[in-house]
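Heads up: the structure comes next, in C-alpha coordinates.
The values are calculated or read from the model by the stated rules, or taken from the named source; none is laboratory data. As the structure is a prediction and not an experimental result, all values here were calculated from the model. Note: ideal-geometry Cβ built from the backbone for every residue, glycine included; neighbour counts use all protein chains shown.
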Amino acid sequence: MFGAITVEEKKFLLKPMNCPFHIEMYNARKWSYRDLPLRWAELGTVYRYEKPGVLHGLMRVRGFTQDDAHHFVAQENMEDELVWIINFCVHMLTSFGFTDYNVFLSTMPEKAIGDKEDWDRAEDGLRAALDKAGLDYEVDEGGGAFYGPKIDIQIKDAIGRGWQCSTIQFDFSLPERFDLSYIDSSGQQKRPYMIHRALLGSIERFFGVLIEHYAGNFPLWLAPTQVKVLPITDSVNDYAAELTKKLKENNFRAELDDRSEKVGAKIRDAEIFKVPYMFVIGAREAESGQVSVRRHGEGDIGTMSLDDALAMLIAEEKSKGITDEKK
(Lines give C-alpha, C1' and ligand atoms only; values in the text may rest on other atoms or scores of the structure.)
Protein backbone atom coordinates (compact mmCIF):
# COMPACT_ATOMS: atom_id res chain seq x y z
CA MET A 1 0.00 0.00 0.00
CA PHE A 2 2.80 2.41 0.85
CA GLY A 3 6.04 3.24 -0.94
CA ALA A 4 9.12 3.73 1.22
CA ILE A 5 11.75 6.32 0.39
CA THR A 6 14.86 7.47 2.22
CA VAL A 7 15.62 11.19 2.46
CA GLU A 8 18.65 12.39 4.45
CA GLU A 9 18.93 8.97 6.09
CA LYS A 10 15.30 9.07 7.23
CA LYS A 11 12.65 6.70 5.94
CA PHE A 12 9.32 8.09 4.79
CA LEU A 13 6.19 6.29 3.65
CA LEU A 14 4.30 7.73 0.70
CA LYS A 15 0.53 7.35 0.86
CA PRO A 16 -1.00 6.48 -2.54
CA MET A 17 -4.64 6.70 -1.43
CA ASN A 18 -6.93 7.79 1.41
CA CYS A 19 -9.49 4.96 1.26
CA PRO A 20 -8.17 2.52 3.94
CA PHE A 21 -8.21 5.17 6.65
CA HIS A 22 -11.89 6.00 6.15
CA ILE A 23 -12.63 2.27 6.20
CA GLU A 24 -10.83 1.90 9.53
CA MET A 25 -12.96 4.75 10.87
CA TYR A 26 -16.09 2.92 9.68
CA ASN A 27 -14.99 -0.31 11.34
CA ALA A 28 -14.35 1.42 14.67
CA ARG A 29 -18.01 0.87 15.64
CA LYS A 30 -21.27 -0.77 14.58
CA TRP A 31 -23.67 1.10 12.31
CA SER A 32 -27.41 0.93 11.71
CA TYR A 33 -29.27 1.73 8.49
CA ARG A 34 -30.48 4.81 10.37
CA ASP A 35 -26.88 6.10 10.50
CA LEU A 36 -26.35 5.81 6.76
CA PRO A 37 -25.33 7.34 4.48
CA LEU A 38 -22.02 8.33 6.01
CA ARG A 39 -20.09 10.90 3.98
CA TRP A 40 -16.46 11.39 4.96
CA ALA A 41 -14.16 13.68 3.02
CA GLU A 42 -10.62 15.00 3.29
CA LEU A 43 -8.03 16.91 1.33
CA GLY A 44 -5.31 14.28 1.43
CA THR A 45 -1.84 14.49 -0.10
CA VAL A 46 -1.04 11.35 -2.07
CA TYR A 47 1.84 10.21 -4.25
CA ARG A 48 2.03 8.25 -7.50
CA TYR A 49 5.21 7.56 -9.49
CA GLU A 50 4.28 9.00 -12.86
CA LYS A 51 6.82 8.32 -15.60
CA PRO A 52 8.99 11.34 -16.55
CA GLY A 53 7.57 11.49 -20.07
CA VAL A 54 4.00 12.09 -18.88
CA LEU A 55 4.68 14.74 -16.24
CA HIS A 56 2.92 17.90 -17.38
CA GLY A 57 2.90 21.16 -15.38
CA LEU A 58 0.11 21.12 -12.81
CA MET A 59 -1.90 18.68 -14.91
CA ARG A 60 0.05 15.50 -14.12
CA VAL A 61 2.37 15.43 -11.12
CA ARG A 62 3.81 12.86 -8.71
CA GLY A 63 2.59 14.40 -5.49
CA PHE A 64 -0.87 15.94 -5.41
CA THR A 65 -3.79 16.83 -3.17
CA GLN A 66 -6.98 14.88 -3.67
CA ASP A 67 -10.42 16.00 -2.53
CA ASP A 68 -11.24 12.45 -1.60
CA ALA A 69 -14.55 11.34 -0.12
CA HIS A 70 -16.18 8.02 0.66
CA HIS A 71 -19.89 7.38 1.00
CA PHE A 72 -21.02 4.34 2.95
CA VAL A 73 -24.56 3.68 1.79
CA ALA A 74 -27.36 1.29 2.73
CA GLN A 75 -28.17 -0.90 -0.26
CA GLU A 76 -31.79 0.26 -0.41
CA ASN A 77 -30.76 3.95 -0.56
CA MET A 78 -28.10 3.62 -3.25
CA GLU A 79 -29.92 5.42 -6.08
CA ASP A 80 -30.94 8.43 -3.95
CA GLU A 81 -27.34 8.82 -2.80
CA LEU A 82 -26.05 8.70 -6.36
CA VAL A 83 -28.45 11.46 -7.40
CA TRP A 84 -27.20 13.55 -4.45
CA ILE A 85 -23.55 13.01 -5.46
CA ILE A 86 -24.10 13.81 -9.15
CA ASN A 87 -25.98 17.01 -8.33
CA PHE A 88 -23.16 17.96 -5.96
CA CYS A 89 -20.56 17.42 -8.71
CA VAL A 90 -22.53 19.46 -11.25
CA HIS A 91 -23.07 22.24 -8.69
CA MET A 92 -19.32 22.45 -8.03
CA LEU A 93 -18.36 22.51 -11.70
CA THR A 94 -21.04 25.10 -12.53
CA SER A 95 -19.92 27.26 -9.59
CA PHE A 96 -16.45 27.43 -11.13
CA GLY A 97 -17.92 28.31 -14.52
CA PHE A 98 -17.54 24.95 -16.26
CA THR A 99 -20.55 24.14 -18.42
CA ASP A 100 -18.75 22.27 -21.21
CA TYR A 101 -17.88 18.78 -20.05
CA ASN A 102 -18.28 15.15 -21.09
CA VAL A 103 -19.81 12.46 -18.88
CA PHE A 104 -18.91 8.79 -19.18
CA LEU A 105 -20.51 5.73 -17.57
CA SER A 106 -18.01 2.87 -17.39
CA THR A 107 -19.47 -0.63 -17.03
CA MET A 108 -18.33 -4.08 -15.91
CA PRO A 109 -15.03 -5.26 -17.45
CA GLU A 110 -14.26 -8.87 -18.35
CA LYS A 111 -12.23 -9.37 -15.20
CA ALA A 112 -14.25 -8.11 -12.26
CA ILE A 113 -15.02 -9.02 -8.69
CA GLY A 114 -18.41 -9.06 -7.00
CA ASP A 115 -21.76 -10.57 -7.98
CA LYS A 116 -23.16 -9.84 -11.42
CA GLU A 117 -26.43 -8.91 -9.72
CA ASP A 118 -24.67 -6.20 -7.69
CA TRP A 119 -22.95 -4.88 -10.82
CA ASP A 120 -26.24 -4.72 -12.70
CA ARG A 121 -27.93 -2.92 -9.83
CA ALA A 122 -25.06 -0.44 -9.46
CA GLU A 123 -24.98 0.29 -13.21
CA ASP A 124 -28.77 0.71 -13.28
CA GLY A 125 -28.49 3.08 -10.33
CA LEU A 126 -25.81 5.14 -12.06
CA ARG A 127 -27.91 5.36 -15.24
CA ALA A 128 -31.03 6.36 -13.32
CA ALA A 129 -29.11 9.01 -11.35
CA LEU A 130 -27.64 10.49 -14.55
CA ASP A 131 -31.09 10.57 -16.14
CA LYS A 132 -32.62 12.26 -13.08
CA ALA A 133 -29.84 14.85 -13.17
CA GLY A 134 -30.63 15.49 -16.85
CA LEU A 135 -27.07 14.79 -18.00
CA ASP A 136 -26.15 13.45 -21.41
CA TYR A 137 -23.53 10.73 -21.18
CA GLU A 138 -21.63 8.13 -23.15
CA VAL A 139 -21.36 4.49 -22.09
CA ASP A 140 -17.84 3.08 -21.96
CA GLU A 141 -18.67 -0.63 -22.20
CA GLY A 142 -16.28 -2.69 -20.11
CA GLY A 143 -14.38 0.43 -19.00
CA GLY A 144 -15.11 0.16 -15.29
CA ALA A 145 -12.51 -0.73 -12.68
CA PHE A 146 -12.37 -4.39 -11.67
CA TYR A 147 -13.99 -3.45 -8.36
CA GLY A 148 -16.98 -1.45 -9.61
CA PRO A 149 -18.64 0.73 -12.29
CA LYS A 150 -18.07 4.46 -12.31
CA ILE A 151 -19.03 7.86 -13.68
CA ASP A 152 -16.26 10.14 -14.94
CA ILE A 153 -16.69 13.82 -15.78
CA GLN A 154 -14.10 15.38 -18.07
CA ILE A 155 -13.87 19.16 -18.17
CA LYS A 156 -12.27 21.01 -21.06
CA ASP A 157 -9.46 23.52 -20.92
CA ALA A 158 -9.06 26.64 -23.07
CA ILE A 159 -7.91 24.70 -26.14
CA GLY A 160 -10.52 21.96 -25.87
CA ARG A 161 -8.48 19.22 -24.22
CA GLY A 162 -10.43 16.97 -21.87
CA TRP A 163 -9.12 16.44 -18.34
CA GLN A 164 -10.42 13.89 -15.88
CA CYS A 165 -11.58 15.58 -12.68
CA SER A 166 -14.86 14.47 -11.06
CA THR A 167 -15.25 10.74 -10.41
CA ILE A 168 -18.02 8.68 -8.82
CA GLN A 169 -16.72 5.14 -8.35
CA PHE A 170 -18.50 2.11 -6.93
CA ASP A 171 -16.40 -0.32 -4.91
CA PHE A 172 -17.42 -3.92 -4.22
CA SER A 173 -13.90 -4.96 -3.21
CA LEU A 174 -12.99 -2.98 -0.09
CA PRO A 175 -16.28 -3.53 1.81
CA GLU A 176 -15.72 -7.26 1.29
CA ARG A 177 -12.02 -7.28 2.12
CA PHE A 178 -12.51 -5.20 5.27
CA ASP A 179 -15.74 -7.02 6.22
CA LEU A 180 -17.89 -3.89 6.45
CA SER A 181 -21.45 -4.27 7.64
CA TYR A 182 -24.52 -2.46 8.97
CA ILE A 183 -27.76 -3.58 10.59
CA ASP A 184 -30.75 -3.22 8.28
CA SER A 185 -34.37 -2.47 9.25
CA SER A 186 -35.07 -6.17 9.87
CA GLY A 187 -32.13 -6.52 12.24
CA GLN A 188 -29.96 -8.42 9.74
CA GLN A 189 -26.33 -7.68 8.89
CA LYS A 190 -25.80 -6.33 5.41
CA ARG A 191 -22.81 -5.21 3.40
CA PRO A 192 -22.91 -1.44 2.69
CA TYR A 193 -22.18 -0.04 -0.73
CA MET A 194 -19.04 2.08 -0.81
CA ILE A 195 -18.77 4.95 -3.27
CA HIS A 196 -15.53 6.84 -3.87
CA ARG A 197 -16.16 10.47 -4.76
CA ALA A 198 -13.80 13.15 -6.05
CA LEU A 199 -15.42 16.46 -6.94
CA LEU A 200 -12.37 18.18 -8.37
CA GLY A 201 -9.97 15.22 -8.45
CA SER A 202 -6.41 16.46 -8.19
CA ILE A 203 -6.55 20.00 -6.80
CA GLU A 204 -3.38 20.85 -8.70
CA ARG A 205 -4.81 19.61 -12.01
CA PHE A 206 -8.09 21.39 -11.40
CA PHE A 207 -6.38 24.72 -10.78
CA GLY A 208 -4.24 24.22 -13.88
CA VAL A 209 -7.39 23.72 -15.96
CA LEU A 210 -9.13 26.60 -14.16
CA ILE A 211 -6.32 29.06 -14.92
CA GLU A 212 -6.34 28.07 -18.59
CA HIS A 213 -10.14 28.09 -18.74
CA TYR A 214 -10.28 31.73 -17.68
CA ALA A 215 -6.92 32.66 -19.23
CA GLY A 216 -6.28 34.49 -15.95
CA ASN A 217 -9.44 36.57 -16.32
CA PHE A 218 -11.08 35.25 -13.17
CA PRO A 219 -14.63 36.12 -12.15
CA LEU A 220 -14.99 38.49 -9.22
CA TRP A 221 -15.30 35.80 -6.54
CA LEU A 222 -12.09 34.04 -7.64
CA ALA A 223 -9.88 37.01 -8.56
CA PRO A 224 -6.80 37.46 -6.29
CA THR A 225 -7.39 41.24 -6.39
CA GLN A 226 -11.05 42.07 -6.83
CA VAL A 227 -10.98 45.88 -6.85
CA LYS A 228 -8.25 48.42 -7.54
CA VAL A 229 -8.89 51.89 -6.14
CA LEU A 230 -7.28 54.49 -8.39
CA PRO A 231 -6.99 58.11 -7.17
CA ILE A 232 -6.48 60.57 -10.01
CA THR A 233 -4.49 63.04 -7.90
CA ASP A 234 -2.68 62.90 -4.57
CA SER A 235 -5.25 65.30 -3.11
CA VAL A 236 -7.87 62.53 -3.00
CA ASN A 237 -5.60 59.84 -1.55
CA ASP A 238 -7.20 60.06 1.88
CA TYR A 239 -10.69 59.49 0.48
CA ALA A 240 -9.34 56.65 -1.69
CA ALA A 241 -7.73 55.07 1.38
CA GLU A 242 -11.02 55.26 3.29
CA LEU A 243 -12.84 53.69 0.36
CA THR A 244 -10.27 50.86 0.22
CA LYS A 245 -10.73 50.28 3.94
CA LYS A 246 -14.51 50.12 3.47
CA LEU A 247 -14.13 47.53 0.74
CA LYS A 248 -11.90 45.39 2.94
CA GLU A 249 -14.38 45.68 5.82
CA ASN A 250 -16.92 44.17 3.43
CA ASN A 251 -14.51 41.28 2.76
CA PHE A 252 -13.38 42.36 -0.68
CA ARG A 253 -9.76 41.93 -1.74
CA ALA A 254 -9.06 45.56 -2.56
CA GLU A 255 -5.80 47.39 -3.27
CA LEU A 256 -5.05 51.10 -3.33
CA ASP A 257 -2.82 52.28 -6.18
CA ASP A 258 -1.62 55.64 -4.86
CA ARG A 259 1.49 55.84 -7.02
CA SER A 260 2.30 59.24 -8.50
CA GLU A 261 1.38 58.04 -11.97
CA LYS A 262 -1.19 59.25 -14.44
CA VAL A 263 -4.54 57.55 -13.98
CA GLY A 264 -4.32 56.16 -17.51
CA ALA A 265 -1.20 54.23 -16.55
CA LYS A 266 -2.90 52.90 -13.40
CA ILE A 267 -5.91 51.77 -15.43
CA ARG A 268 -3.63 50.10 -17.99
CA ASP A 269 -1.77 48.20 -15.26
CA ALA A 270 -5.02 47.05 -13.65
CA GLU A 271 -6.26 45.87 -17.05
CA ILE A 272 -3.02 43.96 -17.66
CA PHE A 273 -3.45 42.16 -14.33
CA LYS A 274 -7.12 41.51 -15.20
CA VAL A 275 -8.51 43.05 -12.02
CA PRO A 276 -12.32 42.73 -12.34
CA TYR A 277 -13.16 46.25 -11.09
CA MET A 278 -11.46 49.62 -10.86
CA PHE A 279 -12.82 52.44 -8.73
CA VAL A 280 -11.50 55.72 -10.15
CA ILE A 281 -11.52 58.63 -7.70
CA GLY A 282 -11.25 62.28 -8.70
CA ALA A 283 -12.09 65.52 -6.90
CA ARG A 284 -15.76 65.31 -7.93
CA GLU A 285 -16.12 61.76 -6.56
CA ALA A 286 -14.35 62.69 -3.32
CA GLU A 287 -16.68 65.68 -2.79
CA SER A 288 -19.88 63.74 -3.52
CA GLY A 289 -18.87 60.48 -1.82
CA GLN A 290 -19.19 58.53 -5.07
CA VAL A 291 -17.01 56.32 -7.23
CA SER A 292 -16.48 56.08 -10.97
CA VAL A 293 -16.59 52.36 -11.75
CA ARG A 294 -14.73 50.55 -14.53
CA ARG A 295 -15.10 46.87 -15.33
CA HIS A 296 -12.22 44.89 -16.82
CA GLY A 297 -12.61 44.54 -20.57
CA GLU A 298 -15.68 46.82 -20.69
CA GLY A 299 -14.43 50.21 -19.55
CA ASP A 300 -16.49 52.85 -17.73
CA ILE A 301 -19.87 51.60 -16.46
CA GLY A 302 -20.86 54.78 -14.65
CA THR A 303 -20.62 56.80 -11.47
CA MET A 304 -22.50 55.56 -8.41
CA SER A 305 -22.63 55.87 -4.66
CA LEU A 306 -20.34 53.65 -2.63
CA ASP A 307 -23.38 51.81 -1.23
CA ASP A 308 -24.64 51.05 -4.74
CA ALA A 309 -21.18 49.93 -5.85
CA LEU A 310 -20.90 47.63 -2.84
CA ALA A 311 -24.37 46.20 -3.50
CA MET A 312 -23.35 45.47 -7.09
CA LEU A 313 -20.17 43.69 -5.99
CA ILE A 314 -21.94 41.71 -3.29
CA ALA A 315 -24.64 40.53 -5.72
CA GLU A 316 -22.07 39.50 -8.34
CA GLU A 317 -19.90 37.68 -5.83
CA LYS A 318 -22.90 35.85 -4.38
CA SER A 319 -24.02 34.66 -7.82
CA LYS A 320 -20.41 33.82 -8.79
CA GLY A 321 -21.17 35.59 -12.06
CA ILE A 322 -23.40 32.70 -13.17
CA THR A 323 -26.28 33.85 -15.32
CA ASP A 324 -29.41 31.87 -16.15
CA GLU A 325 -27.89 31.07 -19.54
CA LYS A 326 -24.91 29.41 -17.86
CA LYS A 327 -26.90 27.30 -15.41
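Is it the case that segment 106-116 has a residue that's at pLDDT 85 or above, in the same structural domain as Phe88 (by TED's automatic domain parsing) and in contact with a Ser or Thr (Cβ under 9 Å, 6 or more places away or on another chain)? Within segment 106-116, not a single residue is at pLDDT 85 or above, in the same structural domain as Phe88 (by TED's automatic domain parsing) and in contact with a Ser or Thr (Cβ under 9 Å, 6 or more places away or on another chain).
Among the residues of segment 220-276, those identified as more than 17 Å from Val291 (Cα to Cα) and among the hydrophobic types (A, V, I, L, M, F, W, C) are Leu220, Trp221, Leu222, Ala223, Ala265, Ile272, Phe273. Could you please let me know if Lys30 is free of Cβ contacts under 8 Å to residues at least 60 places away in the same chain, among the basic types (Lys, Arg) and either exposed (fewer than 10 other Cβ atoms within 10 Å of the Cβ) or not in a helix (DSSP H, G or I) (or both)? The answer is no for Lys30.
Scan segment 103-134 for residues that are in contact with a strand residue (DSSP E or B) (Cβ under 7 Å, 6 or more places away or on another chain) and not small (Gly, Ala, Ser) and jot them down. Passing the criteria: Val103, Phe104, Leu105, Thr107, Leu126, Arg127, Leu130. Put simply, of Leu55, Leu105, Leu82, Leu93 the only residue that is within 20 Å of Phe207 (Cα to Cα), in contact (Cβ under 8 Å) with a residue 12 or more places away in the chain and not polar (S, T, N, Q) is Leu93.
Table: residues versus (1) more than 19 Å from Gly148 (Cβ to Cβ); (2) part of a loop (DSSP other than H, G, I, E, B); (3) not assigned by TED's automatic domain parsing to the domain that holds Glu176.
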site	(1), (2), (3)
Phe12	yes, no, no
Arg39	no, no, no
Thr45	yes, no, no
Glu50	yes, yes, no
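Among strands (runs of 3 or more DSSP E) entirely within segment 206-314, having at least 1 residues that are free of Cβ contacts under 8 Å to residues at least 12 places away in the same chain and surrounded by fewer than 16 Cβ atoms within 10 Å (Cβ to Cβ) singles out 299-305.
Among all positions in segment 149-171, there is no residue which is of a type in the set (A, V, I, L, M, F, W, C) and farther than 22 Å from Met92 by Cα.
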